[in-house]
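This report concerns only the one structure given below.
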Amino acid sequence: MRVVVGIEGRLEVRDIPELAAPTGSQILVETVACGICGSDVHLMDHTEAYLGCARDSGSTAMIFDPARGVMLGHCFVFRVLEAGPDAVGFVPGDLGAGLGTVTGADGHTSVVGFSDTYPGGYAERILLSTPGLIAPLPEGMDPLHAVFVEPLIVGEMSVRTAAIPDGAPAVVLGTGQVGLGIVAALRRHGRGPVIAAEPTELRRAAALAVGADIVVDVHSRTWLDALAETGATQPPTVFDTTGIAGMLARLFTEVPRNSHIVEVSGQYDPDPIRTGLAVKKNLRLTFSASADLAALRTVLAALAAREVDVEPWITRRVGLDEVPAAFDDLRAPDKTIGIVVEPRK
């Protein structure tokens with residue numbers, strides 16, 4: 001069975017033994033497709049710093065041995081091949097998506113896509129545990145669209161967590177997949193006006209299509225200029241999805257008093273901030289990285305209803321052998337939004 005492994009900053013396609021039949025509550029699935037997430041690229045570029053954060057978080061579910069390599073891919077769509085005797089929610093033939101985990105005979109749980117033991121979505125087949133944060137696809141839904149479930153869940157949960165007051169402006173910095181997911185969730189929850197700031201024309205156009213009221217080319221003006229034009233009197237909620245070192249410290253200086261900053265990207269390396277400045281400006285800072293079944297079902301319903309049209313987000317479809325080059329393409333955001341891996345391609 002073929003699988004993509006990330007090791008020492010590079011990607012390689014390997015042949016590994018076939019997976020064993022599912023036991024207990026596990027299901028064996030084939031990967032229909034898997035989206036390449038920006039966090040996968042970030043992990044490959046900053047592996048040791050990522051592992052340091054994972055260890056310090058206290059969770060062992062997303063830790064791997066870098067000498068063995070990590071089997072990447074967590075934004076996957078699957079078709080069930082075989083179900084263990086205690087599996088729930090799925091039968092052979094079902095299509096599904098979500099954020100998968102697998103629990104082995106030793107009781108250890110791994111998040112699929114962040115393991116050196118279990119294949120991720122850049123593999124022909126995967127083992128998953130049930131129940132979990134996975135669900136069947138709604139009838140008639142295009143399976144390829146479900147590769148964007150994860151960034152849409154991030155958007156849904158971030159907007160819920162932000163609890164933006166009626167009529168208060170929202171600013172989204174960066175409109176890659178996660179930023180677009182946030183814009184979509186803001187529209188779903190009736191928040192706005194929504195300002196999206198993004199350096200690339202491709203992603204600015206996508207933000208407009210998803211529902212941003214104003215898009216800002218950061219090369220020619222600032223989101224603060226756009227905010228002033230709205231005439232909003234309430235302080236903004238600013239979602240940072242940029243992943244740029246120093247951005248949080250910069251926002252402490254830029255945002256108006258009483259603003260709410262929602263940090264969605266974060267840095268694996270230390271990223272100093274001036275807490276005294278935040279205190280003097282009465283800023284509120286929230287970090288967002290949660291997910292639940294309610295959010296998964298919400299975004300699946302939105303995709304099935306074409307409430308969010310993600311078809312234009314698919315820049316290219318590739319096979320496993322093309323994944324290393326696809327990672328390089330995602331490092332050039334002016335050319336891509338999403339690249340979909342189809343292991344059988």
- request: May I ask you to list the residues of region 22-49 whose amide nitrogen lies under 12 Å from a point 7 Å from Cα along the Cα→beta-carbon direction of Ala325?
  value: none
- request: Find out how many positive minus negative residues lie around Ala226, taking Lys and Arg as positive, Asp and Glu as negative, among other residues whose Cβ is under 14 Å from that of Ala226.
  value: -4
- request: Please give, to one decimal in nm, the separation of the simple spin-label points placed at Ile16 and Ser220, each 7 Å out from Cα toward the Cβ.
  value: 4.8 nm
query: Any idea how far apart Ala245 and Ala294 come out in nm if each label point goes 7 Å out from Cα toward Cβ?
result: 3.9 nm
- prompt: Taking 1 over the mean of 1/r across every pair of different Cα atoms in region 1-103, what Kirkwood radius in Å do you get?
  reply: 15.2 Å
- request: First measure r as the distance between the Cβ atoms of Asp94 and Ala61, then evaluate 1/(1 + (r/R0)^6) with R0 = 35 Å and state the FRET efficiency to the nearest 0.05.
  value: 0.90
query: lysines within cross-link reach of Lys335: Cα-Cα under 27 Å, excluding same-chain residues under 8 positions apart?
result: Lys345
task: Restricting things to alpha carbons, tell me how big region 129-234 is in terms of Rg and Dmax, in Å.
output: 15.3, 50
field: Set of region 104-141 residues, backbone N closer than 15 Å to the point 7 Å along the Cα-Cβ line of Cys53
entry: 114
- prompt: Based on the Cβ-Cβ distance from Glu307 to Glu8, what FRET efficiency comes out when R0 is 35 Å, to the nearest 0.05?
  reply: 0.25
task: State the answer as a single residue: which of Pro235, Leu224, Gly211 lies farthest towards the positive end of the charge dipole of region 168-246, with beta carbon charges of +1 for Lys and Arg and -1 for Asp and Glu, about the Cα centre.
output: Gly211
task: Mind ranking 10-18, 174-182, 23-31 by how tightly packed they are, going by the mean number of other C-beta atoms within 10 angstrom, highest first?
output: 174-182, 23-31, 10-18
- prompt: Taking 0.36 nm per intervening residue step and subtracting the Cα-Cα distance, what contour gain separates His46 from Phe287 on full extension?
  reply: 84.7 nm
query: In deg cm²/dmol and to the nearest 500, what is the mean residue ellipticity at 222 nm of the chain if only DSSP H runs of at least 4 residues count, each as -39500 (n - 2.57), divided by the residue total?
result: -8000 deg cm²/dmol
Cα pair distances in region 216-303, grouped into 10 Å bins until the bin that holds the longest one, percent each: 14, 39, 31, 16, 0
- prompt: If one computes P(r) from the Cα atoms of the chain, what percent of pairs lie at distances over 29 Å?
  reply: 38 percent
- prompt: Taking every DSSP beta bridge that has both residues in the chain, what percent is antiparallel when rounded to the nearest 5?
  reply: 60 percent
- request: Compare the peptides 138-146, 111-119, 90-98, 217-225 by average per-residue count of other Cβ atoms within 10 angstrom and give them in order, highest first.
  value: 111-119, 90-98, 138-146, 217-225
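Only the coordinates and a few stated rules stand behind these numbers; no lab work does. The structure presented is a predicted model; accordingly, all values stated were derived computationally and were not measured. Heads up, the Cβs are rebuilt from the backbone with ideal geometry, glycines too, and the neighbour counts pull from every protein chain shown.
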